[in-house]
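This report concerns only the one structure given below.
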Amino acid sequence: MAVMKTPGVYIVEKSAFPNSVVEVPTAIPAFVGYTDKAINGTDSLTNQPWKISSMAEYQNYFGGAPLPTFEIARVADKAEDAATVGGEASAEGAKTSATSKCIIKLKTSNDGSYEIVVKNNHTLYYNMLLFFANGGGPCYIVSVGSYNDDVTAKNMINGITPLLKEAEPTMLVIPEAVNLPSVDDCVKVQQAMLQHSGLEMKSRFSILDIYMDKYKDDSLSCIGDFREKIGSNQLNFGAAYYPWLASSVLSDSDITLDNIDLTALMVVVKSWKDAEKKALVDYIVAESDIISKGKYYETIQNKKNIHQALLQNWSSYSLIVKAIRENLNLLPPSAAMAGLYTMVDNTRGVWKAPANISVNNVVRPSLNITNAEQDDLNVPMNGKAINAIRSFIGEGIKVWGARTLDGNSLDWRYVNVRRTMIYLEESVKNAARAYVFEPNDANTWLSMKCMIESFLRSVWNRGGLAGATPEDAYAVHVGLGDTMTPEDILEGIMRITVLVSVSRPAEFIEITFQQQAQKS
């Protein structure tokens, strides 16, 4: 207030309303993984969190899809050491097929069995397609390497560190963790995710996948390994989903001869003993010779010619192409779930459980889970619940679980409760910064109480808090003798207690039927 020394009229303005709480965003995931490139103009974006809002922006900064290659070999040829290149045995190729985890076994009806060996395994691009197809929006990308780099746990964990300086992301997703060589490597990354979310930031939620060998028969056996190895720290800041999803992000036309190791294919073709295929063999050999020494555009055309010739004249080749497409389309569910979290947050609010909703761009779950099988997934003895994704006749593929990994905790059992509390805490914390160094007296206490109550009433009106009246939904306490002692005030501490009743999902609905005696 101005000091009045000169006679005159003085204007004094008073604030009629308290400060308001600006709500923090709740649906900003951060993805960590390998990309085609990572560049903004001339500046490298490697290990730098970068915000995008569409697949077009992703392609602009981080490039396009990988070019996974597959080596095809007949099982009989492997057994007989018949894999030759230029007349010499390819011991390295045989060793790769025998020891590599990434092997697709394919048995055809007419000419035996084949091994299709995956030679590289970068899938973030495909997961981003699934994210945006399921309602995804703005997100952060942290590129930890290119398609020329091996997928390692160290690189992924190092990619989490730069996110410590970013306040906006609210979810952490690393779908390529399941591409690591072992379940131990995968869990090491997932433990780092939980530590980052619940210990270092305390403002993020991790969406985890279950590590499984997708090149073998699917089962629930991988669940036990995950639960045993994931540990018991910060479990309420994460949720896991299973099974993987057979998506439709790639079609048959997306698989070309570029995806197939031509040298290995020629070994198979030259081993044919069927005289009726001699003309086809001669044609493919001639076309491949042109590829080996032709110009760029001629090479593209000749690859198309070989691909079409094989599709039309070799029935097993169609099955091989289908197997490759299904392999690339089989993706872990975390990216799709990040998209569904975003969609639910934007349409219903963070307090709505992200469950009983359909998954887009998915043909089927990799494993059909029954009610009996889900019993242990949803309510295990150790509380480490796994949320099932199930297919229901007439309803499609739905998320059928909404629990965190801390299922035995009555406070943090549900995903929406944990995420709602993060949203409330961060929103109020950011608004309270305006009162730091303000006088620790009744005027400040009243202003802060009114500000927080106004915010909570808005959340209650939208269904975020449970209670028939505002008094049943929340309460804010602050003041000397209530939340503070004289010693607190002398030490410059203002204590505010906020009580909220967060909405919980109706996970189990029991309807009782009973016959009654006829009354007329």
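Points worth noting:
- Residue list for segment 336-368, restricted to those being more than 13 Å from LEU245 (Cβ to Cβ) and of a type in the set (Val, Ile, Thr): THR342, VAL344, THR347, VAL350, ILE357
- Filter pass, ASN127 being at pLDDT 95 or above and surrounded by fewer than 17 Cβ atoms within 10 Å (Cβ to Cβ): no
- Evaluation of TYR414 against (1) more than 24 Å from the chain's Cα centre (by Cα); (2) crowded, with 20+ Cβ neighbours inside 10 Å; (3) closer than 30 Å to ALA240 by Cα (one fails), failing number: (1)
- Top-ranked residue in segment 312-322 [being among the hydrophobic types (A, V, I, L, M, F, W, C) and crowded, with 20+ Cβ neighbours inside 10 Å; ranked as nearest to GLU115 (Cα to Cα)]: ILE320
- VAL268 assigned to a loop (DSSP other than H, G, I, E, B) and crowded, with 18+ Cβ neighbours inside 10 Å: no
- Considering segment 174-187, and only residues there that are assigned to a helix (DSSP H, G or I) and more than 16 Å from the chain's Cα centre (by Cα), the residue that is nearest to ALA153 (Cα to Cα) turns out to be ASP185.
- Scanning segment 397-444 for residues that are over 19 Å from THR497 (Cα atoms), polar (S, T, N, Q) and in a loop (DSSP other than H, G, I, E, B) yields THR404, ASN408, SER409.
- If you filter segment 8-42 down to residues that are exposed (fewer than 15 other Cβ atoms within 10 Å of the Cβ) and of a type in the set (A, V, I, L, M, F, W, C), you find that the one that is farthest from the chain's Cα centre (by Cα) is VAL9.
- Selection count where residues are among the polar types (S, T, N, Q), more than 15 Å from the chain's Cα centre (by Cα) and surrounded by 22 or more Cβ atoms within 10 Å (Cβ to Cβ), scope segment 324-362: 0
- Qualifying residue in segment 384-394 (condition: among the hydroxyl-bearing types (Ser, Thr, Tyr) and within 23 Å of MET193 (Cα to Cα)): no
- Evaluation of ILE157 against (1) closer than 25 Å to SER44 by Cα; (2) over 14 Å from the mean Cα position of the chain (by Cα); (3) part of a strand (DSSP E or B); (4) not small (Gly, Ala, Ser) (one fails), failing number: (3)
- Of residues in segment 417-433 being among the aliphatic types (A, V, I, L, M) and in contact with a Phe, Trp or Tyr (Cβ under 9 Å, 6 or more places away or on another chain), the one surrounded by the fewest Cβ atoms within 10 Å (Cβ to Cβ): MET421
- Among the residues making up segment 1-50, those that are touching a residue at least 60 places away in the same chain (Cβ under 8 Å) and among the hydroxyl-bearing types (Ser, Thr, Tyr) are SER20, THR26, TYR34, THR35, THR46.
The values are calculated or read from the model by the stated rules, or taken from the named source; none is laboratory data. If you're wondering where the values come from, they're calculated on a predicted model, not measured in any experiment. Here the Cβ is made from the backbone with ideal geometry for all residues, glycine too, and neighbour counts use every protein chain on show.
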